[in-house]
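Okay, structure first, notes after.
None of the figures in this text is laboratory data; all of them are computed from the coordinates on show. Since this is a predicted model, take the numbers as computed values, not measurements. Here Cβ is always computed from backbone atoms with ideal geometry, including for glycine, and neighbour counts include all displayed protein chains.
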Amino acid sequence: MKEDVKILREWISKQPHLPQNIHDMMLLRFLHTCNYSIEQTKTLIDLFYTIRSQAPELFSNRDPSQKTIQDCFKAIDMVPLPKLTEKNYKLLLYRLVDHDPEKFTYADSVKTFYMVSDVRMLVEQEFPAGEVPIFDLAGMSWKHMTKMPLPIVKKYMVYSQEAHPIKLKEIHLVNAPTFLDRAMAMMRPFIKSEILSMIHTHPPNSNTLFDYVPRELLPEEYGGTIGKMSDLKAMWLKKVMEHKEYLTDDSRWAVNETKRSAQNENTKPAFGIEGSFRTLSID
């Protein structure tokens, strides 16, 4: 792996449009995601930074001490869980704490989501065989959906599916609301078929999640034994605050397109879409 990192660093030094101070742990994450294929890893690295630079709504102004980010931490639990499954999968749990849609800002919530993810990829030592996010949709209303601008949703989807350095294995939607089918119909054009096949929905008051995820690996609020959500969240908030300088150092994250060589010109993601869920209708 050290030799692979060296090869990547030599390649990055010849890509002046890319950040030149990418952390070794990030390079290892990229390699792991690409099964240690150097060429695939180069493509992923370029996409990772290019898409981020094209989505400033989600990847700029990332000071975790600013009010908008602190408000997101108060309103939403975004907690990587500490124990891996028998398949060596990493579990992550996300849920609304404050159900008031007037306090919900989609772009800020996604920004905060990826700030936690960036810190996690830096500080965690394990390289899981896969990742399993669990989204608890209790308290989610259609009013929340109307506050999700489609251009931002598309940027989130493109980045998540094309450039986020993880191996996604399953997606669980817990306490699925009655309008979930309508919401999924609207989002389906942005989701790859292989990702759609990973999604499992679980109605309120059901135990079907435990057919996939061992109960004991979940927080106490879900019948597990790994501790309380509030304690786990406090630990991760502390880690994020400790890495404020890392998150806000634009030299680590920004692409300079004026320095991109012509032979390395890549296809830019197509983000051209207007509106929000409020303006969509379903056939």
Seminar exercise, completed: Among helices (runs of 4 or more DSSP H) completely within region 19-104, the ones holding 2 or more residues that are of a type in the set (Ser, Thr, Tyr) are 38-53
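Take region 26-41 and flag every residue that is surrounded by fewer than 17 Cβ atoms within 10 Å (Cβ to Cβ) and within 11 Å of MET1 (Cβ to Cβ).
Going residue by residue through region 26-41, those that are surrounded by fewer than 17 Cβ atoms within 10 Å (Cβ to Cβ) are 35-40.
Answer for region 26-41, where residues must be surrounded by fewer than 17 Cβ atoms within 10 Å (Cβ to Cβ) and within 11 Å of MET1 (Cβ to Cβ): just TYR36.
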For this session: Give me a count of the residues in region 194-221 that are surrounded by 18 or more Cβ atoms within 10 Å (Cβ to Cβ) and in a helix (DSSP H, G or I).
Result: 2
Exercise. Can you tell me which residues in region 53-69 are surrounded by fewer than 20 Cβ atoms within 10 Å (Cβ to Cβ) and touching a Leu at 6+ places or on another chain (Cβ under 9 Å)?
Worked result: ASP63
